[in-house]
Amino acid sequence: MSCHSDSTSVVRGARGKMATVVAMTAAAEEKSRGKYSASCITVIVVLVGLPLWWKTTETYRASLPYSQISELDILLLDISVPVEVVFTRGTLTAEQQKRLLPQTQFSQKLNQLDGKTGFKYRYEKTYRAATGIEQDAIMGENVEVTVVTLSRVYESLIGSVVIYVVPADSQLFPQEVTVYIGKHRAAFLRSPVTRSHTVAEVLQDIDDYVEDILQTMSFTDDMVVAALSSRFPSGTFGTDTFTDSMTAFKSSLGYEITFSLLNPDPKSHNTCWDIEQAVNNYVQPFLDKMSVFANFSVDSQILYYAVLGVTPRYNKTSSSFTLNEDSLPHVINPVEAKLGSNVASSYPVLNFLLYVPEYSHSPLYIRDSDGSPVESNTFHSSRWGGIMIYNVDHQQLNETLLPVSVNIDMARVMEVFLTQLRLLLGIQKVQPPSQFLVQSPGNMIATDWEIDRLLWVRTVENIATATNTLTSLAQLLDEIGNIVINDNIASEVYSALASVQQSLQELEAGRLLSAFQASKKGITSSERAFFDPSLLHLLYFPDDQKFAIYIPLFLPMCVPIMLSLLKTAKDFKWRKKVD
């Protein structure tokens, strides 16, 4: 019995030890499996999960030409003006003509405005003799006919100037006039050259006048500085430099022109205006000429019971009502609220208002700061439009019954509105030297060279604005990394950059029309990119909001993995010590 019990105890002990060994082996295998599982999960998370999460949640940013845009921060315009100086018969001796003609000379001037902005303009002057057709046209005694004839036989490029040197005793224009500037791109200079002049003296005498003619027919330094004003802090230059540019509207792809007839007293005045015919006869020819500059749309309206919002004062001396100059700014806002606007268009609106005063406030006159009546009885507001007060002469109508019929003299009205339209579109007044005579544009409203002057200014203005927009956009996108940059934005940026560079090249080559068209495309593309709505989608998504979103997602998953990795690391250290 004793032996049997001892053997049983031994067997039980062996079985217990074997079970313990098995249990320890299973626990070790389970522990090892847990370590491998944690390691595999960690590897999968690090090598697959994190890159996948990073790729699917990253902010898409198309590549942009930052280095090329940064080069635009320093802008030095190189403007070339093609000039032809044509000597007619009798202005040069045979020896002078042999040594002088033909030849080409260049003169340039550099104007550095600050460390980042400047411009230089170069006159590319070609001296030649007049052709037979040109000589025949100039032999006449009617300069206006000569101007028309030369414009037909000789088509000059936009932005170029042709100067015809005529004999000193020429009867083409008055003897007291030294320079006659036609309405196209030709000017006539009474020759200052004598037979004893050397070639150098001839060029010197001619160039003195050529400089003055080009300053009148192309552009001046102040005009270019004003066009570049967007690149300077306010107050950098005097206000006199920007007077004309502050009156005109900024460059745009299109403009809306609205003519409004305000009849505040329809019970007394039955007004009638043939606005459609007036637009076709007076405005449309001018807009056709300006079509190279922008697109125009014209509409009209009649507003009844629309008052100016300022009560006129009665003047006993003149038995009339007056509006003083200091009260004119208060007229715009009340009237503008009743005009309405085309919300479907983003183009600037030029407002032209014809106001027929009430019977109780007639006649109504505008007086300047000195108290003198304004002859045209009109005023205009910068970058808004103009208002004309049209008085009704009730005594002349001889009508006692109200309302009286009032037929608006549209020729007189349109003469005023077209003058204001020129100013608002940026066609600046020219102050030529005393011995210069400038031909009136007549029905053209604006001469060819006045349009060229406007194109010079608008081209420079577009380039300055586009470069500012591109550099500002690049700086903004570089500083805020979570702004989405879509492919369409990148495409607009590349298009704007290429257009600006092309415009600069065309200016340097003297091709004004191509330079203007490229600059217009550049400013359009740059503003489309800058004001694209997609740029604001992630602009207000800061880092603290990212943590608030991702911590509840990743923390429950990361804690077990991190604890398993820590335990594995402790076991590894313990085994290393035991071994």
Q: Determine which single condition HIS184 fails, assuming it passes every other condition in (1) closer than 20 Å to ASP448 by Cβ; (2) modelled with pLDDT under 90.
A: (2)
Q) Restricting attention to the range 224-263, and to residues there that are at pLDDT below 85 and among the acidic types (Asp, Glu), which single residue is nearest to GLY340 (Cα to Cα)? A) ASP244
Q: For LEU110, indicate whether it is of a type outside the set (Ser, Thr, Tyr), in contact with a Phe, Trp or Tyr (Cβ under 9 Å, 6 or more places away or on another chain) and farther than 19 Å from PRO174 by Cα.
A: yes
Q: Pull up the range 171-210, narrow it to residues that are among the polar types (S, T, N, Q) and without any contact (Cβ under 8 Å) to a residue 24 or more places away in the chain, then point me to the one that is surrounded by the fewest Cβ atoms within 10 Å (Cβ to Cβ).
A: SER196
Q.
Just to be sure before I move on: is THR149 of a type outside the set (A, V, I, L, M), open to solvent by 40 Å² or more (accessible area, probe 1.4 Å) and either assigned to a strand (DSSP E or B) or under 30 Å from SER519 (Cβ atoms) (or both) in the structure I sent?
A. no
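Conditions tested, residue by residue: (1) under 30 Å from the mean Cα position of the chain (by Cα); (2) among the β-branched types (Val, Ile, Thr).
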position: ASN142; (1), (2): no, no
position: THR149; (1), (2): no, yes
position: GLU155; (1), (2): yes, no
position: ILE158; (1), (2): yes, yes
position: VAL165; (1), (2): no, yes
position: SER170; (1), (2): no, no
position: HIS184; (1), (2): yes, no
position: ALA187; (1), (2): no, no
position: SER191; (1), (2): no, no
Q | Filter pass, PHE119 being loosely packed, with under 13 Cβ neighbours inside 10 Å and assigned to a strand (DSSP E or B) | A | no
(Q) Just the residues that are among the acidic types (Asp, Glu), over 20 Å from VAL292 (Cα atoms) and part of a helix (DSSP H, G or I), please, taken from the range 490-535. (A) GLU492, GLU508, GLU527
Q: Mind listing just one residue for me: the one in the range 522-566 that is charged (D, E, K, R) and modelled with pLDDT under 75 and, of those, least open to solvent (accessible area, probe 1.4 Å)?
A: LYS546
(Q) Checking LEU77 against (1) open to solvent by less than 70 Å² (accessible area, probe 1.4 Å); (2) at pLDDT below 90; (3) more than 27 Å from GLN204 (Cβ to Cβ), only one condition comes out false. Which one? (A) (2)
Q. Within the set of pairs 6 or more residues apart or between chains, which connect a residue that is under 20 Å from ASN377 (Cβ atoms) inside the range 404-433 to a residue that is open to solvent by 40 Å² or more (accessible area, probe 1.4 Å) and of a type in the set (Gly, Ala, Ser) with Cβ atoms less than 7 Å apart?
A. VAL416/SER376
Q | Selected residue (criterion: farthest from the chain's Cα centre (by Cα)) from residues of the range 260-270 that are within 16 Å of ASP393 (Cα to Cα) and open to solvent by less than 20 Å² (accessible area, probe 1.4 Å) | A | SER268
(Q) If I ask for residues that are hydroxyl-bearing (Ser, Thr, Tyr) and closer than 18 Å to LEU92 by Cα, which ones from the range 177-221 would you list? (A) THR178, SER191, THR194, SER196, THR198, TYR209
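Rundown of residues vs (1) of a type outside the set (Phe, Trp, Tyr); (2) under 19 Å from the mean Cα position of the chain (by Cα); (3) at positive phi, yes/no style:
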position: ILE445; (1), (2), (3): yes, no, yes
position: ARG453; (1), (2), (3): yes, yes, no
position: TRP456; (1), (2), (3): no, yes, no
position: THR459; (1), (2), (3): yes, yes, no
position: GLU479; (1), (2), (3): yes, no, no
position: ASN488; (1), (2), (3): yes, no, no
Q: Could you pull out the residue among TYR180, TYR209 that is assigned to a strand (DSSP E or B), among the hydroxyl-bearing types (Ser, Thr, Tyr) and touching a Leu at 6+ places or on another chain (Cβ under 6 Å)?
A: TYR180
Q: Scan the range 367-386 for residues that are in contact with a Phe, Trp or Tyr (Cβ under 8 Å, 6 or more places away or on another chain) and closer than 18 Å to THR247 by Cβ and jot them down.
A: VAL374, ARG383, GLY385, GLY386
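Each row is one residue, and each column tells you yes or no for (1) open to solvent by 10 Å² or more (accessible area, probe 1.4 Å); (2) at pLDDT below 95; (3) not aliphatic (A, V, I, L, M).
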| residue | (1), (2), (3) |
| --- | --- |
| ALA464 | no, yes, no |
| GLN475 | yes, yes, yes |
| ILE480 | yes, yes, no |
| ILE485 | no, yes, no |
| GLN502 | yes, no, yes |
| GLU508 | yes, yes, yes |
| LEU513 | yes, yes, no |
| LYS520 | yes, yes, yes |
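The values are calculated or read from the model by the stated rules, or taken from the named source; none is laboratory data. Just so it is clear, the structure is predicted and the values come from calculations on it, not from any experiment. For neighbour counting, all protein chains shown are included, and Cβ atoms are generated from backbone atoms with ideal geometry for every residue, glycine included. Accessible surface is based on the protein model in full, side chains and every heavy atom, while ligands, DNA and RNA are left aside. Shrake-Rupley method; radii C 1.70, N 1.55, O 1.52, S 1.80 Å.
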